[in-house]
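All remarks here apply to the structure that follows.
The values are calculated or read from the model by the stated rules, or taken from the named source; none is laboratory data. Note that the structure is predicted; figures quoted are calculated from it, not measured. Neighbour counts are summed over all protein chains in view; Cβ atoms, including those assigned to glycine, are modelled from backbone coordinates with ideal geometry. Heavy atoms of the whole protein, side chains included, go into the accessibility calculation; ligands, DNA and RNA do not. Shrake-Rupley method; radii C 1.70, N 1.55, O 1.52, S 1.80 Å.
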Amino acid sequence: MPSNSAHTAKVSGGGTGPRHVAIIMDGNGRWATQRGRPRLFGHHAGARRVREIVEACPKVGVEYLTIFAFSTENWKRTQVEVAGLMSLFRRYIFKEMQAFVKENVRVRFIGDRVRLDAKLIGLMDEAEAMTSHCTGTNLTIALNYGGRDEVARATRRLAEDVAAGKLKPEDVDEETLPKYLDTYVLPDPDLVIRTSGEARISNFLLWQSAYAEYEFIDTLWPDFKAEEFARLTSAYGARDRRYGAVRA
Ligand code: FPP
C-alpha cells in the first residue's frame, strides 16, 4: 500500500485525472536541427511551450506541474549551449514572474543551486517569494536537478541530523526520508510524460515516481500542445492504479 495519503484516496477511485504531472521536456535540439537552426533556437521554442502547458493545467484539473529544465548531467553539453540555457532561464524567470503572479501560479525550484550563478539564484528566490501567496497551479522547475543527487543530498542532511542527535536511526523509514527531499512539500507525481520518443526517465524524480504512470510520446517538446496534454491527462483517468494492492 502507498504511504502517501494523497495517493491512498485514489486507490479506490478511478476516473479521476492526475493531480500532479511531471514532464521531461525532450526534443528541443532535434526540433531545431530539423529546421536547420542552432539547438538554442529549439530551447527558446520549448520555453514558449511551457507557458501554454502551465495555462492548460487548471482546465484539465492538474494542480501540480513539475518540469525538467536542466539536469545534473546537462553540464556535459557544449559551453555555448549551457551558457545559452542559463541565459534563457534568467530571462524566462525575469519575464514570466509578473504573469505567474497574475495567473495565481506558485513557482518553486528543485535541484542543487550550488553550481548555478548568483544572478539566476537571485531570480529564483524572487520568483518563489513573489508567488508564495499564489493558490493556483503549483509550477515546480527542476534546475540542476538529478534524482540520485537529490537522494544523496537528502541522505547527507538526514545523516547530519542523526549525528546531531535530532533523529534516531530506527526512525528512518519511507515517511522520514522524503521530508529531506527537495520535493518535500509536493505530492508524488501521478503521471510522468516524456516527449520526443525516448523511453527513459533520465534520473528524474526517482523516489517520487515509484507509483507514477508513464507516457512516452513521439512529439518533440516544442510541438507539444495543450490538446495533447489534455488527451494524456484524460487517458490517465481511465487507468486502473492499484499501488500494489488488489482491487476489491
Ligand atoms: C531537452 O531537449 C531539453 C533540455 C535539456 C532543456 C529543457 C529546456 C527548455 C524546454 C527550455 C525552457 C524551460 C524553461 C523552464 C524556461 P534536448 O536538447 O535534449 O533535445 P534533443 O534530445 O533533441 O537534443
Mind checking which pairs have a first residue in segment 35-53 that is among the β-branched types (Val, Ile, Thr) and a second that is away from the ligand (no atom under 11 Å from the Cβ) and open to solvent by less than 50 Å² (accessible area, probe 1.4 Å), Cβ under 6 Å, 6 or more apart or different chains?
-> ILE53/PHE229
Please indicate, with yes or no, whether at least one residue in segment 162-179 is open to solvent by 30 Å² or more (accessible area, probe 1.4 Å) and of a type in the set (Ser, Thr, Tyr).
-> no
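Answer yes or no as to whether ALA83 is out of contact with any Ser or Thr (no Cβ under 9 Å at 6 or more places or on another chain), modelled with pLDDT under 95 and surrounded by fewer than 17 Cβ atoms within 10 Å (Cβ to Cβ).
Against the criterion (out of contact with any Ser or Thr (no Cβ under 9 Å at 6 or more places or on another chain), modelled with pLDDT under 95 and surrounded by fewer than 17 Cβ atoms within 10 Å (Cβ to Cβ)), ALA83 does not qualify.
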Looking only at segment 13-58, and only at residues there that are at pLDDT 95 or above and polar (S, T, N, Q), the one that is farthest from the ligand (Cβ to nearest atom) = GLN34
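Could you list, in sequence order, all residues of segment 218-241 that are under 21 Å from ARG39 (Cβ atoms) and exposed (fewer than 15 other Cβ atoms within 10 Å of the Cβ)?
At the first step, the residues of segment 218-241 found to be under 21 Å from ARG39 (Cβ atoms) are 218-224.
Within segment 218-241, ASP218 is the sole residue that qualifies.
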Give SER132, SER202 a once-over and let me know the one that is closer than 27 Å to ALA118 by Cβ, in a loop (DSSP other than H, G, I, E, B) and open to solvent by 40 Å² or more (accessible area, probe 1.4 Å).
-> SER132
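Taking segment 34-51 only, how many residues are assigned to a loop (DSSP other than H, G, I, E, B) and charged (D, E, K, R)? So that I can check it myself, show each step before the final result.
Applying the first criterion (assigned to a loop (DSSP other than H, G, I, E, B)) to segment 34-51 yields 35-38.
Pick out the ones that are also charged (D, E, K, R) and you get 35, 37.
Qualifying residue count, segment 34-51: 2.
Is it the case that some residue within segment 118-126 is within 16 Å of ALA22 (Cβ to Cβ), of a type in the set (A, V, I, L, M) and in contact with a strand residue (DSSP E or B) (Cβ under 7 Å, 6 or more places away or on another chain)?
If we filter segment 118-126 for residues that are within 16 Å of ALA22 (Cβ to Cβ), which is where we start, we get none.
Looking through segment 118-126, none of the residues is within 16 Å of ALA22 (Cβ to Cβ), of a type in the set (A, V, I, L, M) and in contact with a strand residue (DSSP E or B) (Cβ under 7 Å, 6 or more places away or on another chain).
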Those residues that are away from the ligand (no atom under 12 Å from the Cβ), more than 30 Å from GLY17 (Cβ to Cβ) and part of a loop (DSSP other than H, G, I, E, B), I need them from segment 59-116; list them, please.
-> ASP112, LEU116
